[in-house]
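Worksheet: one structure, shown below.
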Amino acid sequence: MLIDILTLFPEMFDGVLGTSIIGRARENKILDINIINIRDFAKNKHKQTDDYPYGGGPGMIMSPQPLFDAFYHVLDGAPETRVVYFSPQGKTLRQDIAQEYAKIPHLVLLCGHYEGVDQRVIDRFVDEEISIGDYILTGGELPAMVFIDCVCRLIPGVLGSSLSAEDESFSKGLLEYPHYTRPQEYEGLKVPEVLLSGNHKEIEKWRKRESLRNTLKKRPDLLIDANLTLEERKIIDELKSSKI
Ligand code: 4HQ
């Protein structure tokens, strides 16, 4: 996948996109990320990229010229390119949306700053506005990093194969079961016996039940859309009546 990021603050991306799983995917050439400084396209003498809003009001607006030219630089007219602008007005990012973006070979991500960008930039170039949640940030850079992290881990080869397989079994919209590692007992706190038993069938049953229990307790709203089997519905009813 090729990702072009248009931003006024390229240095914000260095740590996040150079480290850990995303950093490794870039080294392995599964991911190609270009961070493009919008200021490089400013044609005026002071390389200014923003201006006062017509009609008055607070803050600054990112000007059309540097942005139009930055888009002309990254767009090659290929129909498989998708342009995303990060904004609280967008559709809220969710796992199913991320799954769709993971299939697209070329993404262009526009990060606005200040009060945002001139509307004509959005009208001309943006395919979809995405929000990462109902709160206000100072810029689209953090949303872009959240989006890249979330989308890129779904590209085949980015995660270890064992991890992605595990993800499959719990991408049904349920919360995860609790995890434990060594030692068996720490400050008197024990690992659940079943996990030490070596009985894989019982372990799977326990994990399913704990996953359903977690979801019922912490995010009951997720159960409405979850595609649960009859067996899983039965476990939910059991958990509800036994209150454990
Ligand atoms: N922004 N999810 C960029 C956000 C935001 C969000 C506010 C986007 C400022 C310039 N973006 N503008 N929440 O708060 O995506």
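Observations on the model:
- Spin-label pair Q48-L189: with each label point 7 Å from Cα along the Cα-Cβ axis, the two points sit 5.7 nm from one another.
- Prolate is the label for the stretch 121-234. Its Cα gyration tensor axes, ordered a ≥ b ≥ c, give a/c of at least 1.5 and a/b above b/c.
- Database remark: amide H of S63 closer than 5 angstrom to the amide H of D50, D51 (H placed geometrically; neighbours at sequence offset of 5 or more, or on other chains; Pro and chain starts carry no H).
- Per residue, the convex hull spanned by the alpha carbons of the chain comes to 192 Å³.
- Remark: spin-label model distance D123-R219 equals 3.9 nm, labels positioned 7 Å along the Cα→Cβ axis.
- Between R209 and N28, the contour length at 0.36 nm per residue exceeds the Cα-Cα span by 61.4 nm.
- Within the stretch 53-204, percent of DSSP bridges classed antiparallel, to nearest 5: 20
- Measuring max minus min along each principal axis, the C-alpha atoms of the stretch 1-94 give extents of 48, 33, 31 Å (largest first).
- Label sites at K91 and E115, each approximated as a point 7 angstrom past Cα along Cα to Cβ, lie 2.9 nm apart.
- Under 12 Å from the N199 label point (7 Å along Cα→beta-carbon), backbone N, the stretch 206-244: 206
- Adding -39500 (n - 2.57) for every DSSP H run of four residues or longer, then dividing by how many residues the chain holds, sets the calculated 222 nm ellipticity at -11500 deg cm²/dmol.
- Bridge type composition, the stretch 1-138 - antiparallel percent by DSSP, nearest 5: 10
- The stretch 182-244 and the stretch 15-50 have Cα centres spaced 42 Å apart.
Since every read-out is calculated from the coordinates, none of them should be taken as a lab result. Here the structure is a predicted model, which means the values were calculated and not measured. Every residue, glycine among them, receives a Cβ derived from its backbone with ideal geometry; neighbour counts consider all protein chains shown.
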